[in-house]
Amino acid sequence: MTAALRNLSLALLIVWLVLPLLPLAVWSVAKSWFFPDLLPSVWSLDGWAHVASPRSGVLAALWETTLIAGLVTALAILIGLPAARALGMHRFRGKAGVEMLILAPILVPGLAYALGLHSVFIGLGLTNSRAGVVIVHLIPTLPYMILVLAGVFANLSPDMEAQARSLGASPLRVFRHVTLPAIRPGLIVGATFAFLVSWSQYVLTLLIGGGRVETLPLLLFSYATSGRNDLTGAIGMIYILPGVLILLFASRHLTGQGAGLGGVRP
Amino acid sequence: MTRVTLDRLTKHFAGADGASVRDLTLEFPCGELTALLGPSGCGKTTTMKMIAGLIRPCSGEVRFDGRSVLHQPPEVRGAVMVFQNGLLFPFLSVAENVGFGLRMRGTPRAEIAARVEAMLDRVRLPGIGPRRVQDLSGGQQQRVALARALVTEPRVLLLDEPLSNLDAHLRSEMRDLIRDLQRETGITTILVTHDQEEAVVLADRIALMFDGELRQFAPAAEFYARPRDRQVAEFFGGANFVPGRAAAGVFDCALGRLPLPAGAPEGTGCLTVRPENILLAEPGDAGALAVTVIDRVFLGTQTRLVVLAGDLTLVLIRPPAEAARLSPGDAAAIRLPPEAVWVLPERP
């Protein structure tokens, strides 16, 4: 009974997640597909051919998006790790306020702060550049990184690092051989969030990049509004790729590692 | 073998980050197991962490064999601490945990493997190396933690409440293991505990701390026979405090003039005698005190009697067979052997 229920809910979940993508997949290989036909009347790989040609700019945008998301993820780890450690392991005055401020970018709509930021970035000369886009992407990604890692650090016994030092590890080696392995699952989750949040940014990229920094969501949007359904379908397929890959990776590597999060507590 | 000396060691904490320590001067003898005993919050763990180099003292000195080690960070000091709950690294196997310290010192792999295996044998966990630490019982984790510290051959071994998370039967097993390993290796060992019984069984000497200060430092037996003050006596299960005045080998108090053992402090204070040292006597015996029994509790291997002598309440612990004939309300007689009483002078 419970097994049947579980399988049913699993099936529903898959349908719920995958079904909306099916038409997109079909569109990517359709030449003409009109109502009320169930399937396209003419099939074609033109959409994919166009995507693969340098002329479409899709490959360049794919590279740009990956590069930006990668840089954003790396910077988010560098900035987020010390912050998360402080929040997770130490008590200090005004901690609740700091947590609130870190959460703020998730709570406030992106468009609201993007307009204000735009003028600031113009002043700093950071608009229309990849650097500016990377920096602005840190705003919505850092909260996820810090929140996930702070939770992991809070579960870490503060004596764990002291124990490693006492056993003969220098501070640098404590980080490399103890702290890093202990927070690894959280780090992977945080990095995944950061990568995907950056990958899917539209408004911030458009505003700060000024159209000069062309990422996949920008390209996808312009094709989607131009009526080329086969191209939209093909780009859409590429666009969801990292999400699917990360999902597969996560289900394989992160399940059952809960024990690794908090250390051994008898 | 290393002699550890603390010289006027002081640490103040601003908030609730830890218990403070004041002016602690103490010498842990070479190759001995010494207990730092005291109620929680007395500063014993703070003291241990200062010896390990994990907390920097505000003032004072920590010396190993007469040389200050305060400038040495924990990783080179050679005072290895075993934390209360073992703190094994969950992302490493048992063997990798035990070999951690050697790996940090750059010991060759083959040597690490051999020493780890030998060490696991010594803590009576042979062949456990490939296991995950999550699969070990609490007692096994504690033994692995001990092995992880000992395999580095530390100058000083610091044990923080190593038995407090264990069940009663595991506790005595671990206690024997610690004692045996300490005797075999001869490593100067400092044990922090709040349990006086644990300290007595394990340690050659006990340093008793209250409130960040050293109160008495002596072999275990002295805390029973010659406690320094009432708080010390009470911490070791002492009872029966009779106010009065000691002079010329006699204690003058409500119970009469009682003879004292040689060397007892003089002046006003309290006479103390442990419950198990008060003897039952026959009425009319020389030196016997007439009392009335007011309570009798069977404790299993012992019986606890509460008697009234004048307006003083005294507690006795006697073998059940001896105490069985006395019921509440009965008249009885007791005797305080002169060698079993001690005087606790009033604190200036």
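Structure summary
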item: Elements of type helices (runs of 4 or more DSSP H) contained in segment A:169-231, each with 3 or more residues being within 14 Å of another protein chain (Cβ to nearest Cβ) and within 25 Å of A:Val152 (Cβ to Cβ); result: A:171-174, A:180-199
item: Candidates B:Thr189, B:Thr152, filtered to the one that is in contact (Cβ under 8 Å) with a residue 24 or more places away in the chain and either farther than 30 Å from B:Glu234 by Cα or surrounded by fewer than 21 Cβ atoms within 10 Å (Cβ to Cβ) (or both); result: B:Thr152
item: Residue that is nearest to the chain's Cα centre (by Cα), among those in segment A:156-168 that are buried (at least 20 other Cβ atoms within 10 Å of the Cβ) and more than 8 Å from chain B (Cβ to nearest Cβ); result: A:Leu156
item: Qualifying residue in segment A:142-155 (condition: over 22 Å from the mean Cα position of the chain (by Cα) and either in contact (Cβ under 8 Å) with a residue 60 or more places away in the chain or crowded, with 18+ Cβ neighbours inside 10 Å (or both)); result: yes
item: Elements of type helices (runs of 4 or more DSSP H) in segment B:44-105, at least 2 residues being in contact (Cβ under 8 Å) with a residue 40 or more places away in the chain and away from every other protein chain (no Cβ under 13 Å); result: B:44-52
item: Segment B:125-145, residues that are away from chain A (no Cβ under 11 Å) and either modelled with pLDDT of 95 or more or over 26 Å from the mean Cα position of the chain (by Cα) (or both); result: B:Leu125, B:Pro126, B:Gly127, B:Ile128, B:Gly129, B:Pro130, B:Arg131
item: Qualifying positions in segment B:227-238 - out of contact with any Ser or Thr (no Cβ under 8 Å at 6 or more places or on another chain), buried (at least 18 other Cβ atoms within 10 Å of the Cβ) and within 14 Å of B:Glu276 (Cβ to Cβ); result: B:Phe236
item: A:Gly236 being under 25 Å from A:Gly80 (Cβ atoms), touching a residue at least 24 places away in the same chain (Cβ under 8 Å) and in a helix (DSSP H, G or I); result: no
item: In segment B:306-348, the residues that are in a helix (DSSP H, G or I) and either surrounded by 16 or more Cβ atoms within 10 Å (Cβ to Cβ) or not acidic (Asp, Glu) (or both); result: B:Pro320, B:Ala321, B:Ala323, B:Pro338, B:Ala340
item: B:Gln216 of a type outside the set (A, V, I, L, M, F, W, C), crowded, with 20+ Cβ neighbours inside 10 Å and under 14 Å from the mean Cα position of the chain (by Cα); result: yes
item: Residue match in segment B:13-32 (condition: within 14 Å of another protein chain (Cβ to nearest Cβ), surrounded by fewer than 16 Cβ atoms within 10 Å (Cβ to Cβ) and among the charged types (D, E, K, R)); result: yes
item: Residue, farthest from the chain's Cα centre (by Cα), within segment B:4-24, restricted to residues that are assigned to a strand (DSSP E or B) and either aliphatic (A, V, I, L, M) or closer than 21 Å to B:Gln196 by Cα (or both); result: B:Leu9
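The values are calculated or read from the model by the stated rules, or taken from the named source; none is laboratory data. What you see is a predicted model; the values in this text were computed from it and never measured. For neighbour counting, all protein chains shown are included, and Cβ atoms are generated from backbone atoms with ideal geometry for every residue, glycine included.
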